[in-house]
Amino acid sequence: MSDQRDHAQGHGHQHDEQAHHHPHHDHDHQPSGRAARWAHRLSHPTRPHSHASADKIDRALESSAQGMRALWISLAALGATALVQGFVFTLSGSVALLGDTVHNAADALTAVPLAVAFALGRRVATRRFTYGYGRSEDVAGIAIVLTIAGSAAFAAWSAVDRLLDPRPVHSLLAVAAAAVVGFLGNEWVARYRIRVGREIGSAALIADGLHARTDGFTSLAVLLAAGGAALGWQLADPLVGLAITVAILLVLRDAAREVFSRVMDAVNPTLVDTAEQALMKVPEVKDIGELRMRWIGHRLRAEVAVVVDGELSVRAAHQVTVEAEHALLHAVPRLTAALVHADPAPAVGTANPHLALAHHTRVY
């Protein structure tokens, strides 16, 4: 089936990101049938939700504001952590601590591209950017991945340089204390970023939180370097530096996978299952022709074709698509827009209604 049919036939239905919001109830367990439909319509005015454009805009702005707040708070926390560790490095000369300090500083600075992305995401759609600017978060995710890669390269270079030119480490107690500070700062930031990222559906913010969590454990590795140096093992510091580099590379792999999936429009299959279940509970929906979902920043959109009785009038078929979209908006978390198209159920002796589009169909 071709997406062009949405314009060729008159009973598709679309609400954009500024049109429809239902935060407080869902349809996952409602009984099907005419009685259920009328019961829902009668109870609809008493339920606390809004159809207003302003409410949808406020919800979008609220999620972006949450993301911005998480970024600036975590930037301050990681910046303070890096400053403490940097000061201790000047006293100790520990290359393991240097690698951890640089990585924490780089992690703090990843707030900058994400902040730009959240700010852009607030802008309304234009005739050129018809879906808005939400994809700027994916670009920010790429910038974060590149930043992680750069910090891994620097940590590796510092460790190898110290292996080739060993030097003693001083102020070992201060190094150990800085390692603990690094762990506590990173773990707090990780929990905060991941929680907010999940709340608003931002893959980039979640990836940044996972990055911070691994940074915390690499900070603890600096304790091993300090312990080895205290025992007189001079190579402990650069070897731990190399171990930190490996840990950073593991973070890089996970973050790159997360960002790549989002760029390639991947969604969790459970979201598709939830959408299908909600659609099949809508009266008059006989089947689902196709269902597509994609993230645009931290907001989800859907396109779906539902099969209805071919004898329905245009108005009746359109009403079915409205109710199908309504069900999706209630059932699927963070779904802000759905384009629903009605297909007539196949009947013996009737032509394929999409036959005129057959020569546009591409076979992959």
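Where a number appears in this text, it was derived from the coordinates with a stated rule and is not lab data. Just so it is clear, the model here is predicted, and its values are computed rather than measured. FYI the Cβ positions are ideal-geometry reconstructions off the backbone, even for glycines, and counts take in every protein chain you see.
Given a Förster distance of 25 Å, report the FRET efficiency between L163 and F87 from their Cβ-Cβ distance, rounded to the nearest 0.05. Before the final figure, lay out the partial values.
Values: r = 25 Å, r/R0 = 1.00.
With R0 = 25 Å, the Cβ-Cβ based efficiency is 0.50.
How big is the charge dipole of the range 54-263 about its Cα centre, in debye rounded to the nearest 20, if each Lys and Arg gets +1 on its Cβ and each Asp and Glu gets -1 on its Cβ? Write out the running numbers ahead of the final one.
Values: 18 positive and 16 negative charges, 149 e Å.
For the range 54-263, the charge dipole is close to 720 debye.
Using a 10 Å cut-off around each Cβ, can you sort T110, T336 from fewest to most neighbouring Cβ atoms? Could you put the intermediate results ahead of the total?
Values: T110 29, T336 25.
Ascending number of Cβ neighbours within 10 Å: T336, T110.
No solvent, one uniform scatterer per C-alpha: report log10 I(q)/I(0) for the range 54-263 via the Debye equation at q = 0.17 1/Å, two decimals.
Log10 I(q)/I(0), no solvent term: -1.01.
In a shell of Cβ-Cβ distance under 14 Å around A155, excluding A155 itself, what net charge do Lys and Arg (+1) and Asp and Glu (-1) give?
Values: positive: R162; negative: D100, D107, D161, D215, D237.
Net local charge, A155 excluded: -4.
Would you kindly derive the ³J(HN,Hα) couplings of the range 263-268 from the backbone phi angles with the Karplus curve 6.51 cos²θ - 1.76 cosθ + 1.60 (θ = phi - 60°), listing them in order in whole Hz, with x for Gly and Pro?
Result, ordered by residue: 4, 8, 6, 6, 10, 5 Hz.
By average Cβ neighbour count within 10 Å, what is the ranking of 292-303, 147-158, 223-234 from highest down? Show your work: numbers first, answer last.
Numbers: 292-303: 21.3, 147-158: 19.7, 223-234: 17.2.
Result, highest mean Cβ count within 10 Å first: 292-303, 147-158, 223-234.
Work out the FRET efficiency for L220 and M280 from their Cβ-Cβ distance, taking R0 = 56 Å, and round it to the nearest 0.05.
Details: r = 50 Å, r/R0 = 0.89.
E between L220 and M280, to the nearest 0.05, is 0.65.
Ordered by residue, what ³J(HN,Hα) values in Hz, to whole numbers, does the range 311-327 give under the Karplus form 6.51 cos²θ - 1.76 cosθ + 1.60, where θ = phi - 60° and Gly and Pro are x?
8, 5, 6, 4, 5, 5, 5, 5, 4, 4, 5, 4, 5, 5, 5, 4, 4
Return one quarter of the surface area of the convex hull spanned by the alpha-carbon atoms of the range 89-144, equal to its mean projected area, in nm². Can you show the working numbers first?
Values: hull surface 17.7 nm².
With every direction weighted equally, the projected area is 4.4 nm².
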